[in-house]
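What follows is a set of notes on a single structure, which appears directly below.
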Amino acid sequence: MAAVDSSSRTTSTGTTRTQSPSSTATTTSTPQGQSHVVKSGETLSGIARSHDVSLGSLVKANPQVTDPDLIRPGQRLNIPAKTAGTTSSAPARTPAPKTTAPTTAPVPDAPVPAPTSSGLTAPTSTLRRGAHGADVEKLQKALVNQGYMSQATMNTGPGVFGPATESSLKKFQKDHGLSADGVYGPKSRAALQQALGQPGNTQAPPGETTTGTTNGTTGSSGTHVKPPVKSLPSPNHSSRNGTDIDTIVLHHTASNNGKGDISWLRNPDSKVSSHYVVDKDGTISQLVSDDRKAWHAGKAGMPGKGISDVNARSIGIEIVNDGKGTPFTEAQYKALEKLVPYLADKYKVPESSILGHKDVARPKGRKDDPASNFDWSRVRDAVK
Ligand SMILES: [Zn+2]
């Protein structure tokens, strides 16, 4: 499972949440004083399910749990009251209200009927602070999609290029090696087109689009094709700070509930994420764009080396599996046999750097994923 990467917290602005008893008191839950004593082998998501509450509300009610991966048997957890419409299987976050304009981005969890339905394009005009109109709104939607602006921030001034839009654009420019002047011009447009995987831009590898369910098309490297991915963006990411990708880290989620796992990895309170999640049925979801750092490895180091920022150099893949001997599905292996070779090819990852979380987690033994019944030969043979 992904682990809290404390170094990421400091570099990510806007995702830090303070959890205090007073903040939980302001939720719509009513305190009931119900509690749960953790038994050996239980997971937070399992406990949430058993009490029919959302993971997000369970985490909020337990500010003492700083690493959701590390709950201890005997630990007492507060169980929040159920909120109407909230179940453990529902995402903890509901999408912010959206306008009904035809260019509205798809609701993240809704089935996406066609790959072209996102309507997200990089605007063509030059934009700066003070600008307003449809192109500014396009820019804002793209920044939201790329994780540089929250939907809530955008809702405070859709179509108005104010200080929030400017600072979001500056962050985007900085992460893409541009001068962070806050002016949206041709270079920013090219970078944004590429980030959105917008068709018609020769720089963007086809199939790189992470909006909607895409069909596999020829990858940039030619030999391996990016398999179709479902776009379910997570806010939990930060800059790679210029570090090249040269490692792939595989995980198991420690649960058999893919929907709950994805919900957790997209919850800003969890502070964890991965680039990809491979569900039981082989569906691959992309939560974080490859060019951003996902927060999956926690305290880690490359084999034989000291502690380093493994997240900055790696792509993290979570496989939905409880890690207790449940077989990994044939559909999962088939998906990994496409996804891992594609990534290894694209980023020139040597076979020796396709690792499990257990290989990089520090101190040694902190993690055991993917579980020992995971058939590494399936992945290794596919990248040969
Ligand atoms: Zn893991």
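The values are calculated or read from the model by the stated rules, or taken from the named source; none is laboratory data. Everything numeric in this text was worked out from a predicted model, so none of it was measured. Because the Cβ atoms are built from the backbone with ideal geometry, glycine has one as well, and the counts that use them run over all protein chains shown.
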Taking residue 243 and the conditions (1) closer than 27 Å to residue 172 by Cα; (2) part of a strand (DSSP E or B), which numbered condition does it fall short on, given that it satisfies the others? (2)
Which one of 187, 174 is closer than 18 Å to residue 148 by Cβ, in contact with a His (Cβ under 9 Å, 6 or more places away or on another chain), at pLDDT 80 or above and not in a loop (DSSP other than H, G, I, E, B)? 187
Looking only at the stretch 341-361, which residues are within 16 Å of the ligand (Cβ to nearest atom) and either closer than 16 Å to residue 244 by Cβ or in contact (Cβ under 8 Å) with a residue 40 or more places away in the chain (or both)? 354, 355, 356, 357, 359, 360, 361
How about the stretch 292-306: which of its residues are part of a loop (DSSP other than H, G, I, E, B) and crowded, with 17+ Cβ neighbours inside 10 Å? 295, 296, 298, 299, 302
Condition check for residue 262: within 16 Å of the ligand (Cβ to nearest atom), in a strand (DSSP E or B) and buried (at least 18 other Cβ atoms within 10 Å of the Cβ): no
Output the residues belonging to the stretch 308-325 that are more than 16 Å from the ligand (Cβ to nearest atom) and farther than 16 Å from residue 248 by Cα. 325
What's the number of the condition residue 380 fails, among (1) in contact (Cβ under 8 Å) with a residue 12 or more places away in the chain; (2) surrounded by fewer than 20 Cβ atoms within 10 Å (Cβ to Cβ); (3) within 16 Å of the ligand (Cβ to nearest atom); (4) under 19 Å from residue 278 (Cα atoms)? (3)
Would you please list the contacts, defined by Cβ atoms under 8 Å and residues six or more apart or on different chains, that run from a residue in the stretch 292-313 that is closer than 14 Å to residue 364 by Cβ to a residue that is of a type in the set (Asp, Glu) and within 11 Å of the ligand (Cβ to nearest atom)? 298/69; 303/359
Restricting to the stretch 236-255, and then to whatever is under 14 Å from the mean Cα position of the chain (by Cα) and among the polar types (S, T, N, Q), can you tell me which residue is nearest to the ligand (Cβ to nearest atom)? 253
Considering (1) outside any helix (DSSP H, G or I); (2) closer than 19 Å to residue 286 by Cβ, say which one residue 336 fails and leave the rest. (1)
